[in-house]
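Below is one structure, written out as structure tokens, with a few remarks after it.
Read-outs: derived from the displayed coordinates by stated rules, not from any lab. These numbers come from a predicted model, not from an experiment. All Cβ positions, even for glycine, are placed from backbone atoms using ideal geometry, and neighbour counts span all protein chains on display.
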Amino acid sequence: ALPLWTTMNLCNGTLVGEDVYLPTSPTYGCSTVTNSSHMPDEAEPFIGSGTITTAVIYITVFIIGLLGNTLVIYVVVRYAKMKTVTNMYILNLALADELYILGIPFLGTQGVLSYWPYGEFLCKVCMTADAMSQFSSIFCLTVMSIDRYLAVVHPIRSAKWRRPQVAKVFNVMVWVVSFLVVLPVMIYSDVQDWFNSCNISWPEPQDLWSTAFILYTSILGFFGPLLIICLCYLLIVIKVRSAGVRVGLTKRRKSERKVTRMVVVIVVVFVLCWLPFFLTNMVNLVYIIPENNAALYFFLVILTYVNSCANPLLYGFLSDNFKQSFRKVLCFHKANGVDRELWDHQERHFAFRLNSD
């Protein structure tokens, strides 16, 4: 679950940002690696997309993602009424998205300069943080889906577990597990001599390590959690259909359905943005995709960053509380009169509940 320029198993070239260099000997992910202190004369860059266009895309995604997720973090931390169980997990997801977005300047710089200028220490830090943010995102979505399952299928028995304080503990556990999972990235990341690029240098046999790593990240970082998520929502659908026949919807149940619908949409968007990435990695294990498809690789990488930008927009569209909070912070809605009194009353009510727990 790392950027394509890290996990792609290209035996005829190494992808660096949007540039592919075509050396005369095999490189990362293949049976042999020729070490050199400089770029070989035979290597010529293949530009997958215009530098200006690439820079504009990077900057746009970076600004939208950074501002959007910062806004999400602020409103959840700032307002008492936003400190629900689901929002605690959304806060964690926003932190992961923000950390992932912060990697764009480094990825963009390497893409534009065609080499890594920050040194080995920052290479390890960036690679580890990037991997942790990706694993934390999918793990957080998995926990959110399990929480939705408990809220809908076992609302009474799960009440003691579905509290903001417990959610915070699970959030910490998500980051701890993510760190343990990405230890291989932290250990083997360095600045490669051959292209002076920040990447992973596997020990021998490199073919085996590279293949194992792609399978490892794909199973733990996507397909495994996705299976759990799908199972949770399958059980939710079964429960909702059976309950809908017997009784009508109460106000609380309608609220739970709205929250569940929001989480489902967030998961679906995540899958749409990340599935091409993981499928391409898996396909690349059996069929080496031609290196002249650099634009395709660039698109797949950017698509994963777009997901981190889209989440704050989804919260605003699908959650009334997030929409109101965003408006209050951005001054789009003058909270005065009855609206102001209602908001303040809700704030005091939720603050009292939090202090009473």
(Q) Taking the number of other C-beta atoms within 10 Å as the exposure measure, put Tyr188, Tyr89 in order starting with the fewest. (A) Tyr188, Tyr89
Q. Residue-wise, which Karplus ³J(HN,Hα) couplings in Hz belong to segment 163-174, taking 6.51 cos²θ - 1.76 cosθ + 1.60, θ = phi - 60°, and x for glycine or proline?
A. 10, x, 5, 5, 4, 4, 5, 5, 4, 5, 4, 4
Q. How large is ³J(HN,Hα) for each residue in segment 147-159, as worked out from phi by the Karplus curve 6.51 cos²θ - 1.76 cosθ + 1.60 (θ = phi - 60°), to whole Hz, x for Gly and Pro?
A. 4, 5, 4, 5, 5, 8, 8, 10, x, 7, 5, 8, 4
Q: For Ser197, list long-range residues whose amide hydrogen, built 1.01 Å from N in the peptide plane, is under 5 Å from its own amide hydrogen.
A: Trp116, Gln192
Q: Compute the distance in nm between two label points, each set 7 Å from the Cα along the Cα-to-Cβ direction, one at Leu275 and one at Val166.
A: 3.2 nm
Q: Figure the gain on full extension for Met186 and Ser201 (residue separation times 0.36 nm, minus the Cα-Cα span) and round it to one decimal in nm.
A: 4.3 nm
**Q.** Whole-Hz couplings from phi, Karplus 6.51/-1.76/1.60, listed for segment 323-330; x for Gly and Pro
**A.** 4, 5, 5, 4, 4, 5, 5, 8
Q: Given the peptides 55-65, 278-288, arrange them by the average over their residues of other C-beta atoms within 10 Å, most packed first.
A: 55-65, 278-288
**Q.** Neighbour-count ranking [beta-carbon atoms within 10 angstrom, fewest first] of Leu113, Leu95
**A.** Leu113, Leu95
Q) By how many nm would the segment from Leu215 to Leu285 grow when fully extended, if each residue of separation counts as 0.36 nm and the alpha-carbon distance is taken off? A) 24.3 nm
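In nm, what is the difference between 0.36 nm times the number of residues separating Ile63 and Phe121 and their Cα-Cα distance?
18.3 nm
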Q) If we count other beta carbons within 10 Å of each Cβ, what is the order of Cys198, Cys123, fewest first? A) Cys123, Cys198
